[in-house]
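The numbers here are math on the coordinates, done by the rules we state, and not lab data. Remember, predicted model here, so these are calculated numbers, not experimental data. All Cβ positions, even for glycine, are placed from backbone atoms using ideal geometry, and neighbour counts span all protein chains on display.
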Amino acid sequence: MVLLHRVASLLFAVLLCAAQPARAADYPEPKQGDWVAKDFRFHTGEVMAEVRLHYTTIGAPTGEPVLILHGTGGSGASMLGNDFAGELFGPGKPLDAGRYYVILPDALGTGKSTRPSDGLRAKFPRYNYDDMVLAQYRLVTEGLGLRHLRLVLGNSMGGMQAWIWGTRYAGFMDALFPMACLPIAMSGRNYMLRKMLTQSIRNDPDWNGGNYAAQPKNMQSHLLYFNLATIGGNQALFRQVPSYRKGDEFIAQRLAQPFTGDANDTLYQWESSADFDPSAGLERITAAVVAVNSSDDERNPPELGVMEREIKRVKNGRYVLIPGGPDTRGHGTTGMAKLWKQELAQLLADAPRLPAQAAISPAR
């Protein structure tokens, strides 16, 4: 029952996105902050006079700065659970907060950062991953005054954004650790299921063009269908749902939980990945790279051979594939830092320290 609860929570939360994760007690208390980016220009050409960027930090600002990027629907705070932060931030652990200054931003459109549900609803600018990375870059450089990062680590959406960091701001970080993603165009089943999810929301009569008085009642069904298809791990789910009765119980339990998010926020978050494609810039990456996927990842199946091919284009890149099993979680496997933290520790031990540089003008 404990594993069932963990798998179910992961399915619905999507990569460590529980609202109030349990925090390990062996690292410093996280601190919350907000910074406002003035005259923020989106890739569409639209400009917002102010964009609020919320972030969480752990450790002293004098430590080596590390940027950690969350998955779709998450926030910086959603990375503080025991499976992730508890394995990384304590004394002697790979990202010991006594040595590192850990920065966990809420991506543009998510968490407590500026998002459609703040008031603009469906009139909010159509942002993409490039815009989200630009917001992170402006937070790091203008808001926190940093000229260099020791590491950019990201999971799922955050992993894809780590690839953008490496190609757009080459030389700004020593190391990259992208997980649960591929450095190519959004494609195949991964893209099509995202499209089906967002179309389901748009076609829901309760969505009403984004001008709903109450959250669409089918949001729970839309998300559960998508999550069952794209996260959780075949072996783990098969083991926990051995019969139709158990399956019916599982589904009924998930559908009975209230949708606590916002339909417009959710829609924008999933649509923002559509034009993701950092592949043209892989040769520009100067950071040391370790890319981590799991062999049971439903969204990034290893049999495509994509990572083996693309990692060869990265000057100092290496690929690690975590074997799937009954206790892995498919696309959510990389949410368990115990499975890859030694690879991270080795990367940090080996990655050369590149010189700090002046802030880079974001290219469009």
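Below are the figures for this structure:
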| quantity | calculated |
| --- | --- |
| Relative contact order (%) - criterion: Cα under 8 Å, at least six apart; region: region 240-364 | 23 |
| Cα gyration tensor, region 182-241 - rounded (a/c under 1.5), prolate or oblate | oblate |
| The chain, helix-only ellipticity at 222 nm - DSSP H runs n ≥ 4, -39,500 (n - 2.57), divided by all residues, nearest 500 | -9000 deg cm²/dmol |
| Kyte-Doolittle mean at least -1.0, axial Cα span of 30 Å or more - DSSP H helices of the chain | none |
| Assigned charges on the beta-carbon of Lys, Arg, Asp, Glu; the chain dipole about Cα centre (debye) | 180 |
| Too-long pairs where the Cα-Cα distance tops 31 Å, listed order kept, from K195/K246; K195/K315; K123/K195; K38/K312; K38/K123 | K195/K315; K38/K312 |
| Anisotropy class of region 17-120 from Cα gyration tensor, a/c 1.5 cut | prolate |
| Pairwise centroid distance, computed over Cα atoms, of region 179-199 with region 229-256, Å | 23 |
| DSSP-defined beta bridges in the chain - what % are antiparallel, rounded to 5 | 40 |
| Spatial separation of Cα centroids for region 264-337 and region 105-134, in angstrom | 23 |
| Modelled FRET efficiency - R0 25 Å, Y191 with A252, Cβ distances, 0.05 increments | 0.25 |
| For R318, distant residues with modelled amide H under 5 Å away | V289, V290, A291 |
| Bins of 10 Å from zero: percent of alpha-carbon pairs in the chain | 5, 26, 36, 25, 8, 1, 0 |
| Long-range HN-HN contacts of L69 with modeled amide H, under 5 Å | L153, G154, N155 |
| Taking region 281-324 and dividing mean pair separation by its residue count, relative contact order in percent (alpha carbons under 8 Å, at least six apart) | 56 |
